[in-house]
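Trainee: Structure incoming, see below.
The values are calculated or read from the model by the stated rules, or taken from the named source; none is laboratory data. Computed from a predicted structure; not experimentally measured. Cβ placement follows ideal geometry from the backbone for every residue including glycine, while neighbour counts extend to all protein chains displayed. For the accessible areas, the whole protein counts, side chains as well, though only heavy atoms, and no ligand, DNA or RNA atoms are used. Shrake-Rupley method; radii C 1.70, N 1.55, O 1.52, S 1.80 Å.
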Amino acid sequence: PAFAVKHWGYQPHEVGISFVGVGGKDRYTPFLRLASRFNIPYCIFSDGKNSDIESVNRCLQKAELEQYPSNKAVVPIPNEEDFEAFLSQPEYLDMLRDMITDYEASSKNLDSQSKAKCRENLSRKSAAEIAKELRNNKTTYGARVGDALARHPDPNKRIPSHIKLLLDSIRPIT
């Protein structure tokens, strides 16, 4: 939702849009059936691994809906990545490191010297390690990611490309 607000300039619920976490790649079916039976437009933003797409397609099939790639309501993350790896692109790494540092400093009441050491340790972590940190702490960092990326110096990079694609695909529904 944070990216939607930044992209559209209004809250999704103001125009009747809900973002629903289904709890995993195999759990779309009841939501898809509901959407189908009540003619509710939907979009799926999925991790891009082949196994994830296969799971999404099984759910679509159970709900008697067109499967990806024919189904344009499915927007998978490119390069067979998951969301955390997708976010851990080089252009976002420093912002993610800062976000993690700020959280650690706040939650552990770190003094400025300890905070600097924390940031220094994170600066040595690779993109894969940052993605793993995000993956292991989804609920901790989930809402913070949008705010962190919103500070990107290039306004065109404040919302990652495939998230923009998803938000633009929803826009005609509004």
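Trainee: Counting other C-beta atoms within 10 Å, and keeping those with at most 10, which DSSP coil chymotrypsin sites (Phe, Trp or Tyr not before Pro) do you find in region 31-135?
Mentor: Phe38
Trainee: Expressed as cubic angstrom per residue, what is the convex hull volume of the alpha carbon set of region 53-99?
Mentor: Residue-normalised Cα hull volume stands at 93 Å³.
Trainee: Subtract the Cα-Cα distance of Arg27 and Ser161 from 0.36 nm times their separation in residues, and report this length gain in nm to one decimal.
Mentor: 45.7 nm
Trainee: In addition: Using a Förster radius of 41 Å, what is the FRET efficiency between His13 and Asp94 based on their Cβ-Cβ separation? Nearest 0.05, please.
Mentor: Given R0 = 41 Å and the Cβ-Cβ separation, E is 0.80.
Trainee: With viscosity set to 1.567 mPa s and temperature to 4 °C, compute the Stokes-Einstein D of region 62-152, Rh being the Kirkwood radius across alpha carbon pairs; µm²/s, no decimals.
Mentor: Translational D for this selection: 88 µm²/s.
Trainee: Scaled to the compact-protein estimate 2.2 N^0.38 Å, what is the alpha-carbon radius of gyration of region 105-174, rounded to two decimal places?
Mentor: Compared with the compact-globule rule of thumb, region 105-174 sits at 1.42.
Trainee: Across the chain, how many lysine pairs, 8 or more positions apart or on different chains, have C-alpha atoms separated by under 15 Å? Please give the number.
Mentor: Going through the chain pair by pair, I get 7.
Trainee: Where does helix 90-107 land angle-wise versus the long Cα axis of the chain, in degrees 0 to 90, nearest 10?
Mentor: 70 degrees
Trainee: May I pose another question? Compute the accessible area per residue over the chain, keeping the other protein chains in place, probe 1.4 Å, unit Å².
Mentor: Value for the chain: 59 Å² per residue.
Trainee: Here's another thing I want to ask about it. Helix-only mean residue ellipticity at 222 nm, the chain, DSSP H runs n ≥ 4 weighted -39,500 (n - 2.57), per residue, nearest 500. What is it?
Mentor: Taken over the chain, the calculation gives -16500 deg cm²/dmol.
Trainee: Using per-residue counts of other Cβ atoms within 10 Å, averaged over each peptide, order 106-116, 129-139 from highest down.
Mentor: Going by the mean number of other Cβ atoms within 10 Å, highest first, we get 129-139, 106-116.
Trainee: Another one. Show me the trypsin sites (Lys or Arg not before Pro) within region 1-85 that DSSP assigns to loop and that have at most 11 other Cβ atoms within 10 Å of their Cβ.
Mentor: Here the sparse-neighbourhood loop sites are Lys72.
Trainee: Mind listing the phi-derived Karplus ³J(HN,Hα) values for region 139-154, rounded to whole Hz, using 6.51, -1.76 and 1.60 with θ = phi - 60°, and x for any glycine or proline?
Mentor: Working through the residues one at a time gives 6, 6, 9, x, 6, 7, 4, x, 5, 5, 6, 5, 8, 4, x, 9 Hz.
Trainee: Continuing with the same structure: Provide the net charge surrounding Glu54, with neighbours chosen by a C-beta distance below 11 Å and charges set as Lys +1, Arg +1, Asp -1, Glu -1.
Mentor: Combined, the nearby Lys, Arg, Asp and Glu give +1.
Trainee: Rg to Rh ratio, the chain, alpha-carbon atoms and Kirkwood radius?
Mentor: With Rh from the inverse mean 1/r over Cα pairs, Rg/Rh is 1.01.
Trainee: How much length, in nm to one decimal, is gained on full extension between Ser169 and Gln61, taken as 0.36 nm per residue of separation minus their Cα-Cα distance?
Mentor: Between Ser169 and Gln61, full extension yields 36.7 nm more.
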